[in-house]
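The values are calculated or read from the model by the stated rules, or taken from the named source; none is laboratory data. This one's a predicted model, so the numbers in the text were calculated from it and none came from an experiment. As a convention, Cβ positions derive from the backbone with ideal geometry for all residues, glycine included, and neighbour counts pool all protein chains shown.
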Amino acid sequence: MKKIILIITLISIFTTSYSQDNHEVSKLKPPTNTSVELKAFKNQQRYKLIIDSQKCEVNVYINGIEIKPTYGTKNYDLNNYITDKVSSIKIIANPGYISYPENGIISKRKVQRFREYSNLSAMIIEEHATYSIKALENTLLEGNEPVVFQFKFDSKLPYYPEAWKNGVDLRKDEKLSIKIIALYEKLGKAVLENDENAINDLLYKREYEIQQLDFDTKIETTRKLWKEIITLNEPAKNYSVSEGFNMTYYADGKLVYIHPKNNSDMLIFNGKTIDTQMSYMLYQPEGSDELKIIR
């Protein structure tokens, strides 16, 4: 079996060590014609958003991308959502739901108004700092309308990934569903046929940027993806792509996330999935007619 360039590329980068300044130790070129190079940095800033919400539900948007609603205390790692030196946070608090027993099961009922003592506080920290970068003081929530908090903070990373600023508004694309199915068909065929170039084109950028943003130099990260592809490739005889799905848009329509309706994942090989999260964040650069996997 041919070795997949994507995996060789990522494995080859883990021989770096840290320098005494904030620049990369070395730039190890992958064994392909691609110009992408992984960098190792001494300073590894990790930003976190800490939210404490009481008697309310909270929706969080980081640079236009929505994070799952939450109750209570929650920590969010922000690095994978940062694309520039200044980042934006939007927090929306609403009355949420209450749980109650009904016929032996726990049911939920939407609350129309904030309950007594509903409150919210939040702060952004840099993991190695002893102070908060931004803070939202404990705020009492009242009334029946959602309460919105918005602020920006300096996000100083040694590396910024490719952003979706040059993406087109996908909400206006009448052929979007067809393009989504075509992308997963291309990925399915590439994995089934062990097409190195196609796999590299579809997945390399995403895997590279995620590990770069996480400052991840663990060989186990790459081995996991390698094992999943091998496991699918060797026994699989066919694959299927979900044609029924919902779409959620982010960042003013420049990003789209896919939710299969009747399957656990968009792409399935003989009943197996390529990984535990087979619905990616997609965008389409200006001047292109094809979707790209970006997160």
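Looking only at residues in region 82-96 that are closer than 22 Å to Val147 by Cβ and hydroxyl-bearing (Ser, Thr, Tyr), which one is surrounded by the most Cβ atoms within 10 Å (Cβ to Cβ)?
Initially, region 82-96 is screened for residues closer than 22 Å to Val147 by Cβ, giving 87-96.
Next, only the ones that are hydroxyl-bearing (Ser, Thr, Tyr) stay: 87-88.
Details: Ser87: 19, Ser88: 15.
The qualifying residue surrounded by the most Cβ atoms within 10 Å (Cβ to Cβ) is Ser87.
Filter region 90-112 down to residues that are charged (D, E, K, R) and under 32 Å from the mean Cα position of the chain (by Cα) and give me whichever is modelled with the highest pLDDT. Please lay out each step first, then the result.
Taking region 90-112 first, the residues charged (D, E, K, R) are 90, 102, 108-110.
The next check asks that each one be under 32 Å from the mean Cα position of the chain (by Cα); those that pass are 90, 108-110.
Details: Lys90: 95, Lys108: 82, Arg109: 87, Lys110: 88.
Among those that are charged (D, E, K, R) and under 32 Å from the mean Cα position of the chain (by Cα), it is Lys90.
Condition first: assigned to a loop (DSSP other than H, G, I, E, B), among the hydrophobic types (A, V, I, L, M, F, W, C) and at pLDDT 90 or above. Now tell me which residues in region 39-89 satisfy that. Talk me through it step by step, then tell me what you get.
Residues of region 39-89 that are assigned to a loop (DSSP other than H, G, I, E, B), as a first pass: 39-46, 63-64, 78, 82-85.
Adding the requirement that they be among the hydrophobic types (A, V, I, L, M, F, W, C) leaves 40-41, 78, 82.
Leu78, Ile82 - these are the residues of region 39-89 that are assigned to a loop (DSSP other than H, G, I, E, B), among the hydrophobic types (A, V, I, L, M, F, W, C) and at pLDDT 90 or above.
Out of the residues in region 255-273 meeting the condition of being surrounded by fewer than 18 Cβ atoms within 10 Å (Cβ to Cβ) and assigned to a loop (DSSP other than H, G, I, E, B), tell me which one is modelled with the lowest pLDDT. Explain how you work it out, then say what you get.
Step one: filter region 255-273 for residues surrounded by fewer than 18 Cβ atoms within 10 Å (Cβ to Cβ), giving 257, 259, 261-264, 270-273.
Then drop every residue that is not assigned to a loop (DSSP other than H, G, I, E, B), which leaves 261-264, 270-271.
Numbers: Lys261: 88, Asn262: 82, Asn263: 80, Ser264: 77, Asn270: 71, Gly271: 62.
In this case the residue turns out to be Gly271.
When Gln112 is evaluated against the numbered criteria (1) part of a loop (DSSP other than H, G, I, E, B); (2) closer than 30 Å to Gln212 by Cβ; (3) polar (S, T, N, Q), which criterion, by number, is the only one it fails?
(2)
For region 91-109, which positions are outside any strand (DSSP E or B) and either in contact with an Asp or Glu (Cβ under 6 Å, 6 or more places away or on another chain) or of a type in the set (S, T, N, Q) (or both)? Before the answer, list the steps.
Pass one, region 91-109, residues outside any strand (DSSP E or B): 95-96, 103-104.
Answer for region 91-109, where residues must be outside any strand (DSSP E or B) and either in contact with an Asp or Glu (Cβ under 6 Å, 6 or more places away or on another chain) or of a type in the set (S, T, N, Q) (or both): Gly96, Asn103.
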